[in-house]
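Take a look at the structure below.
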Amino acid sequence: MDDPIASLIAQCAAADRAAFRALYRDTSAKLMGVLLRILRERSEAEDALQEVYTRVWLRAGRYDPAKGRGMTWLIAIARNLAIDRLRARPEAASDDALETVQDNAPRAETRLIAAGEARRVSDCFATLEPDRAAAVRGAYLDGLSYLDLAARHGVPLNTMRTWLRRSLLKLKECLDR
Amino acid sequence: MTDAPLTPMEADDALAAEYVLGVLDLAERAEAEARIKRDPGFAGLVAAWESRMAGLNDDFAEAPAPDLLPKIEARLFPKAAPAPTRRRFGLNLGWLAGAALAAVVVLATVATLAPPRPETLVTLATADRRLSYQVSHFGDTLQVARVAGPAAAPGQVHQLWIIAPGASPVSLGLLEDMPLVIDYPVPPAGFVFAVSVEPEGGSPTGLPTGPVILTAIVGEAT
């Protein structure tokens, strides 16, 4: 198994605190990047980072390397916490969020070409209409909700939902091929 | 819409994708999370979507993280019990306080010398004892079991929290029919256990959102 992060998580499950420190050292910058991008506020992202590693330690025993790489598992924990916190915020869609998405889109394209796994995602995104691909990417990377996406694309929420669901199933067909 | 409606299987898969993507609102997310816990088939769909979308993870740029390890470790690994003299007793308690201190000292000694053996740490109970959870420890493992009363009402769940002095609550898990077993060292005196009522699947925010129905302080008689 060539997944050093998965090994560290397994050691955490065995209550190895040194492994927990190594895991923090090796992965906190990535998870901070995830939290900062979605929450867009440094102090909240730092608070969330503490919660993420608390959950990682307490849930390490439930990580199953057969179901995915260690980093994928960690990022899922960080994204889920960040999105829960975002959805619990009182205010609705903010214009700032939309600006961020627009700015990041071209960079996203170039960075995605790097790894093989990412390459495949990028190929499959190319099979979607550009605005629908942008909606999926904006949701995943920036934590946009259906409400945000509907406002951004100027369509009713239900239409957005139908669009996105169709796009996701199409994406799946391509990725699983 | 000219599109044909999704089949039930497609609809489940689409819901899993929507959950992973994060587009659902708070209530829908809580519902999906509850389903992940009780429906392994749905949990599998979610895991498959997490892997599918993992290719996008490269696009999260790294950001320097401050060294929060000391704070995280203080939450997870409370230090050995502080000197009992830190606890304040009213003068009217007199000899009782002395006895309690002695008990704390004895407990601390037992905890460090004796091999791990399940021991009751605190009991979380309503005044009439109709609802009661018992927290016991076994080495670095806590076990929490309901010893009286019913589980939470349908659609709700009891969630267990631990609160270090002056810190935010940290979730230890959901209290359902099976006893909850957690890798967690014995918390020192002064730490608080609490049980709150949360929507199915647990608090969506990582902090208690519903009423706190039970509390107990480690080191104090309940």
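Some notes on this structure:
- Straight Cα distances below 23 angstrom link residue A:30 to the lysines A:67, B:71, with same-chain residues fewer than 8 positions distant left out.
- Using R0 = 35 Å, the C-beta based FRET efficiency linking residue B:177 and residue A:7 works out to 0.55.
- Within the shell defined by Cβ-Cβ distances under 13 Å, the residues around residue A:29 carry a net charge of -1, with Lys and Arg each +1 and Asp and Glu each -1.
- Counting 0.36 nm for each residue step from residue B:77 to residue B:156 and taking away their Cα separation leaves a gain of 25.5 nm.
- Amide H to amide H distances under 5 Å link residue B:131 with B:126, where only residues 5 or more positions off or on other chains count and H is placed in the peptide plane.
- Neighbour counting of Cβ atoms within 10 Å sorts the residues A:87, A:166, fewest neighbours leading, into A:166, A:87.
- Per-residue ³J(HN,Hα) for the stretch B:154-170, Karplus 6.51 cos²θ - 1.76 cosθ + 1.60, θ = phi - 60°, Hz, x for Gly and Pro: x, x, 10, 8, 8, 10, 9, 10, 10, 10, 6, x, x, 10, 6, x, 10
- Under 5 Å, built H, 5+ apart or other chain: amide partners of residue B:175: B:158, B:159, B:160
- Estimated inter-spin distance, residue A:126 and residue B:39, nm [label 7 Å along Cα→Cβ]: 3.6 nm
Each value in this text was obtained by applying a stated rule to the coordinates, not by laboratory testing. Note that this is a predicted model, so its numbers are computed, not measured. Don't worry about glycine lacking a Cβ; one is built from the backbone with ideal geometry, like all the others, and counts go over all protein chains shown.
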